[in-house]
1. Please list, ordered by first then second residue, the pairs with beta carbon atoms under 6 Å, 6 or more apart or interchain, first in the range 6-28 and farther than 12 Å from residue 71 by Cβ, second aromatic (Phe, Trp, Tyr).
2. Taking the range 61-94, which residues are more than 17 Å from residue 294 (Cβ to Cβ), of a type in the set (Gly, Ala, Ser) and more than 16 Å from ligand 3 (Cβ to nearest atom)?
3. For the range 33-72, what are the residues that are out of contact with any Asp or Glu (no Cβ under 9 Å at 6 or more places or on another chain) and in a helix (DSSP H, G or I)?
4. Do we find that residue 244 is part of a helix (DSSP H, G or I) and surrounded by fewer than 18 Cβ atoms within 10 Å (Cβ to Cβ) in this structure?
5. So residue 293 passes all but one of these: (1) surrounded by 15 or more Cβ atoms within 10 Å (Cβ to Cβ); (2) on the phi < 0 side of the Ramachandran plot; (3) within 16 Å of ligand 2 (Cβ to nearest atom). Which condition number does it fail?
6. List the number of the failed condition for residue 63; all other conditions in (1) charged (D, E, K, R); (2) within 20 Å of residue 138 (Cβ to Cβ); (3) more than 14 Å from ligand 1 (Cβ to nearest atom) hold.
7. Of the residues 187, 270, which single one is touching a residue at least 40 places away in the same chain (Cβ under 8 Å), within 22 Å of residue 123 (Cβ to Cβ) and under 22 Å from the mean Cα position of the chain (by Cα)?
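Laboratory data are not the source of any read-out in this text; all were calculated from the coordinates shown. Keep in mind that this is a model prediction, so the values were computed, not measured. Because the Cβ atoms are built from the backbone with ideal geometry, glycine has one as well, and the counts that use them run over all protein chains shown.
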Amino acid sequence: MTQYKVPVIPGDGIGPEIIDEGKKVIDAAGEVYGFYVEWIEYPHGADHYLSTGELISEESLKELNTYDVIFLGSIGDPRIEPGVLEKGILLSARFYFDQYINLRPVKLLEGVWCPLKNKTPEDIDFTVIRENTEDFYIGIGGRAGKGESKAVLEVARSLYNVKFGLDIESDSEEIGYQIGMISKEGTQRVIRYAFDMSMQRGKHVSSVDKANVLSDIYGFWREEFNSISSEYPDVTTDFNFVDAITMWFVKNPEFFDVVVSPNMFGDIITDLGAMVQGGLGLAPGGNINPQGTSMFEPIHGSAPKYKGMNRANPIATIWAGAMLVEQLGEKEAGDAIVRAIEQDIKEAKVLTKDMGGSSGTSDIGDEIARIIKEI
Ligand code: NAD
Ligand code: IPM
Ligand code: MN
């Protein structure tokens, strides 16, 4: 029997509950498809931070970096100022592991209620490839008061190092600023990934930007998109301003195949993508480094209001688990998990409240695990 070691970070809020169901379903798939996963638990999240002061240490990151995949619940807790845990744990991990692809399928499963009138699973089946290490997410910015001040802002990556030295002269009472940056290397690699993926799908790639206003950063994105596009003569393309693509996702989702987006817009449009596929409880994602450690998680957050209530929908996490086992090379098991999710939804007997049911979080995992063993 093949054995895998997989680190798991349940995290905050509903994280521990949904990750339990994700593990349960992978364990069941392992029994059927002949593999065993040894789960290695990591405590990072709000409680760990409050009791030790540690977000995630370089040492833990180094250790995690020796694995192929990581399973993550969600990070974020109302007891702590917004951003501390999200940047200190989640973004630290995405950057440290150089997970430059954030792969977010937008796929309406059979039997799921879709808020878009007359749209079927045939109409809603595309993938968003979100750049995951650059843009306004690099975390450099600051505040400055009246007068003169200086700031040195650095972006340290394995791909490059960039340093900004700022001389600020301001007569505003106070300013806040944030620098967005994309690099040629970082942009080309994610766009190339999107084109490669489209070759296995519908051979169409849509680009997202706001080149009409933020032209230095996203005009550059567009230029790089055009240059990569010329390497793929069989792939058709189109450009979308981010405001317009939110409209097209709702109006004509069937038009899309692979959508490639800078980091921040990718964050925003994938919550919309989640809704057109039936809700945040149904949207999985993978933070992928094709040569390194990848991390799978639901795209939603820690939904603190549902913490400990056995009420959260674990399907996004279970589906992320299917992506995780596929990454390990267990494609059959991954497919079986998605089919079992679909069967559970079609039968419509064991569903959480957000999907019109009355079952608990753990009932969903039990049922999907049962279906996997049955099929
Ligand atoms: P959220 O995604 O946690 O929740 C928004 C709403 O969506 C919830 O209130 C709930 O109504 C619904 N929802 C989300 N997941 C659900 C599920 N599995 N089942 C049923 N309903 C679900 O977003 P938020 O409220 O903006 O953020 C809460 C915290 O999570 C914040 O600290 C935020 O920074 C963090 N966050 C973390 C991640 C992550 O770990 N990847 C992603 C997004 C937000
Ligand atoms: C997501 C989340 C994160 C992001 C936050 C919590 C840092 O919204 O995974 O979509 O913005 O990437
Ligand atoms: Mn998000």
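1. So the pair list comes out as 14/306.
2. Scanning the range 61-94 gives a single hit, 88.
3. 51, 52, 58, 59, 61, 62, 63, 64
4. Working: part of a helix (DSSP H, G or I): yes; surrounded by fewer than 18 Cβ atoms within 10 Å (Cβ to Cβ): yes.
Here the answer is yes, as residue 244 does meet what is asked.
5. (3)
6. Result: residue 63 passes all but (2).
7. Working: 187 fails: within 22 Å of residue 123 (Cβ to Cβ).
So the residue among 187, 270 that is touching a residue at least 40 places away in the same chain (Cβ under 8 Å), within 22 Å of residue 123 (Cβ to Cβ) and under 22 Å from the mean Cα position of the chain (by Cα) is 270.
Residue by residue, here is whether (1) more than 12 Å from ligand 3 (Cβ to nearest atom); (2) free of Cβ contacts under 8 Å to residues at least 60 places away in the same chain holds:
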| residue | (1), (2) |
| --- | --- |
| 227 | yes, yes |
| 230 | yes, yes |
| 233 | yes, yes |
| 236 | yes, yes |
| 240 | yes, yes |
| 258 | yes, no |
| 298 | no, no |
